[in-house]
Structure formats: C-alpha cells, structure tokens
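Values in this text are rule-based calculations from the coordinates and carry no lab data. Note that the coordinates shown come from a computational prediction; the quantities given were computed from them, not determined experimentally. Note that we place each Cβ from the backbone using ideal geometry, even for glycine, and neighbour counts take in every protein chain shown.
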Amino acid sequence: MPIAVPYSRFSSGRQSYGSSLHRQEALIANWLAHHPEYTLYERKYEDLGVSGSSGKHIDAGELGELLAAIEDGQLPTGTAVLVEAMDRFSRLEPMDTLNHLRTIVKAGIEFVTLDDWQRYDAKSLKGNGLLYLALKAQTAHEFAVRLSEFAVGSYKRRAEKAKLNEPIKRRNPFWLTSEGKLKDDGSSDAIKQVFQAFANGVPLRALAIQYSQYFANRQSLKHALRNPAAIGYWQRTTTIEVDGGQKRVPGELIKGVFDPAVTEELFYQVQRMLDDLADQPVTVARKFPLAGLMECGDCGANMVLLRQNARQQTDAVRCYRRMQSTEKCTNQKTIPVPVIGWFYEATRKPHAFKAYQRTKLPENTRQRIKLEGQIEQLSKQQARLRKLVLLDENDESAVADYQQLVNEKKLREQELASLPLVTDSPVVGMPEFWRFMHSDPFAISNLLQQDGYRIICRNDGTLEIKESADDHPAESAQYVGYARKYRMWKVKPRGEDTMFVDSTGQIQFPQTVTITTSEQWQQRIEGTDLSAYMDGDDLADYLESQG
C-alpha cells in the first residue's frame, strides 16, 4: 500500500492554544478516510510555532528533515505528502518554494493540498498544474509580506503612542493586562514575590517549581526577571542581519508604558545577582542542602555526596575529581555527612548574617545600584543607535535620539557621582534573622554560595572556612576518626579539646569528657560568638530556646 506522510505547521506559539493543529489533523484524517488505499506513515512531521517566511522550518525544522528523507530515498515512489494548504508548506519566495516542491515530485512522490484536494506529481506539472502551483506559491508569499508589513506598521504606531504616554494595547507578560495594568488575579503579587525571594537567596529552580503555574521552567523564570516590563518599561526589538540570516535583538526602551510591579532598586539588584550567577554559576542544591558549599582542598572541585551502602554505614562526601580518576586529584579523604553538618552549623551563622544583611540594602546603596543599572541600559541603547548614525549621518531622527541618550546618560552619571560614598550597613533585627535561619535550608545554602562561603576539605581531615566573616581568623577543625566506643565521630576544633559528633550532627559529651565552664558550653553549642549580633536579653532568650 502507498504511504501518506502528513506535514503540519503554524507560525506562532499562541496558535498552539487554538484550533490550527486540530484543524490540520482533521483534514488529514478526512483525506485518509476517503483514500483507504493509503497507509499513514509512522512518523509525523510538524513545525509548531515556526515561521514559514523565514526558512527556519527548512533550515532547522522538520520540513527540512522531510525533504532530506525524500532526497535520500527513504520514502518510496507513490508516497503522498499531505499539507493543509500551500502557505503551510512555505511562504518563501515563489522560486524557492517551487524548488522544494521539485525535490518532492522529482522523487516520484505526490504533493497534496487538503484545502482543495489538488494532487501534484511530475506528470501533472508538465501541463497547467505547474502554472497553478506557481500562482498558489506567489499568493502565499504575498500574503506573508502583507501580514509582516501590517504587523510592523502596527508595532511602530503603538511605539509612537507609548512615547506620548498614550494608552496602547499589546500582548504583555502574564502579570499585566493588554492595557498594561497590573492584574488582580494574584499574578502581579506572584512576580513581586519571585523578585523578592530571589533577592533573598531562593534558587531559580526552587522558584520555578513553586510558581510552576506561571513559569514553564527555570529559563522562563529568568526571562521574567530580566524583563524591564517589571518596572514599567517596554523593551522593543529589532531585526538585524547576522551571517546572512535575520536575528531579533533588543532595540529601543520606552519608559512608563506599564504599571510597575517592583521598584527599580529591587529590579537592578536582581539584574546584578543574575549577572553574578552567569559569571560564577552556583551549584543548585536539590536534595542535599550542602551541595556546592564544600570544596576539595587539593584540586578545588566540589565535594559530592556518597549515599550509605553495605560497605559504608553513613552518608559521606568525597572529592568529585578523585572519584573520576586517581590522577585528577590526590585527596582521598572521605568525611561523614554528620561531621560536615556539624561544622556547617557551627560556622555558618556569621557568614549567613553578612549574606542576609547584603539583601537588606541601605537606601544609599539601593540608589547606587539603580543608577548603575540605568547607566548600563543607556550604554547598550547608545551602542545600538551609534550603528544607525554611522550608517546614515543624515538620519536626523536617529541623531536626535542618540543625542538624547547621551544627555540622559550624563545626567545619570552626575547623579551617581553626587551620591556619598558611605559604607553604612543596614540594620537587621535578630528576630528577622532568626526567622531566616529557620526558613528554607536551600535558600540559605544558595545565599551562602553567592556570598563566597565554602568549607575546604583537606586530605588530612581538616575542615576550614575559605574566608572569615569578620576580622577573626577563619574557623577550622579536624576530623580525627570514628570512636567505636561511643559510636560517634571525633573532631578537634582549633585550640580546643576533642569533641564527639553523633549521627544527627550534634556535639555530645560522654562522661569521660568534661565541660569546664558554662562559657565553653555556650561557645560549643553555638559555634560562634553571637554577642556581636544581639544584646544580652536576646542572647539569653536564644540560649534558653536552645535548652
């Protein structure tokens, strides 16, 4: 039996929510019902959300794969390629479309348009069929051109109205109505919460999962955090030629078009944090909160988790490179997770306080971040407009826009220069910090990673903090080994006696170990002197809550 190969396409991702694909599939099913002598091919060829005018469906899409399969002889003579209409197949220049059709019919394969049930093969194209096919290709291309011109014209008209602060309608991000107003369905609150949570250290992946009704994945969340629509700006795009093809890039930025969802200070703070992530990506902890916080003292690679098994009675960490090959790293030390957990709990508080403090920026710092972000955006716009001015110095509109950007950038630079260079730290209340330390452990881990906190694990069992959180030396301790008598692990903090860590990561003191003073107990149970961060009453309440 001959084979019928269906091909479906639509241009916009928005059409995936409509009936376009369903209609095309229904036409294919109807044609097959009237031609039972054909067998449906086992594979579907679909380009969903791919333009038929750009050529992407051929260069990097499934139509290109279908044409390649025909040229390679994978489809037998007598096969029929089914498409809804000519404009589904291609909206390219007529000659390009006819060349692709020639590839099909030259291989002895029929081309069928389902809107009129016309069939084209090598024999039919020798007569008037070729003329009719060329006319349909021309019509499809002209429609695409008119559609593009209409869209571009509408785009320009809306931009002109936006510059005059006149209301416009357009397709906006999920938290905005088509008129640019904040929605009251909870989505505008969600985008605010996402910005604030990310600034407080919650990882992108965790936020994408928590707000999955708004974000398909981590990348779509990052795109929303980068979108200046969050502060009311409309980032237009423009098309440029790159390596013989077309590419859409950011263009003009128009302010005050939408209702802002977040403050400019918070927006630019998040941009800086995203830039830092791009420069030094953090390890996203998914199941083990300490992932990414431990570093091999010999090669600098991450220490990774080894789950307990028949030979290993507890979870432990080991150098990732050493596990790959003994030639990549000399650090063969395996450290139990309870020991790592104890050291983390004993050393993290001053580092977490410093990292959390940075998320609560003082007004001077917030203004500085805001101005620096605005200057960076203006610089990018300047660079794009400079190319237009160099191409045509007589373009008065481009020259005027460029000069306006220059003047605005100078004004922002003057504002930035006038800000006093102060190092004031924001005031963080201990109840607020206490709530943070008992919140999501993965958020705390992520914030510590961004702040540079690392536990260095050396070959002799020494654990030390990469850098101190204050003027004191970086804290360290040595993992000595396992004490079978007490079924606990021995650790020796620098300058102190040997201690014992149980399976929960808590310090225990068997009868053979003495506690000399209450101060020593306080120091051991806390792991750091918190008097620098709380007054006497707060400290007393905190210690009482710890038993």
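Of all DSSP beta bridges located in segment 3-145, what percent are antiparallel, nearest 5?
Roughly 20 percent of the DSSP beta bridges within segment 3-145 come out antiparallel.
Looking at the calculated P(r) for segment 168-281, what percent of the C-alpha pair distances fall above 18 Å?
54
Subtracting the Cα-Cα distance from 0.36 nm times the residue separation, let me have the gained length for K106 to R226 in nm, one decimal.
Extra length available between K106 and R226 comes to 38.3 nm.
So how far apart, in nm, are the two label points at N309 and K328 if each is 7 Å from Cα heading toward Cβ?
For N309 paired with K328, the spin-label model returns 1.7 nm.
Could you put W234, W342, W434, W117 in order, starting from the residue whose Cβ has the fewest other Cβ atoms within 10 Å? Let's see the in-between values first.
Details: W234 21, W342 25, W434 15, W117 12.
Ranked by crowding around the Cβ, least crowded first: W117, W434, W234, W342.
For each of L27, L416, L66, count neighbouring Cβ atoms within 10 Å of the residue's Cβ, then give the residues from fewest to most.
L416, L27, L66
Just need the Rg to Rh number for segment 455-502, please, alpha carbons only, Kirkwood Rh.
Across segment 455-502, the Cα-based Rg/Rh ratio is 1.04.
What FRET efficiency do you get for L411 and H34 if R0 is 60 Å and r is their Cβ-Cβ distance, rounded to the nearest 0.05?
The pair L411/H34 has a calculated efficiency of 0.25.
Using only Cα atoms, figure out Rg for segment 3-145 and give it as a multiple of 2.2 N^0.38 Å. Show your work: numbers first, answer last.
On the way: Rg = 14.1 Å, N = 143, 2.2 N^0.38 = 14.5 Å.
Dividing the Cα Rg of segment 3-145 by 2.2 N^0.38 Å gives 0.97.
Would you mind checking the pairs K169/K360; K44/K136; K56/K156 and listing those with alpha carbons more than 31 angstrom apart?
As for pairs spanning more than 31 Å Cα to Cα, those are K169/K360.
Please arrange R9, R484, R158 by counting, for each residue, the other beta carbons lying within 10 Å of its beta carbon, fewest first.
R484, R158, R9
Could you list which residues have their amide H under 5 Å from that of Y482, counting only those 5 or more apart in sequence or on another chain, with H placed in the peptide plane?
For Y482, whose amide H was placed from the backbone, the distant partners under 5 Å are K490.
Using Cα positions and a limit of under 24 Å, work out the lysines in reach of K287, with same-chain residues fewer than 8 apart set aside.
Those lysines meeting the cut-off are K222, K333, K349, K466.
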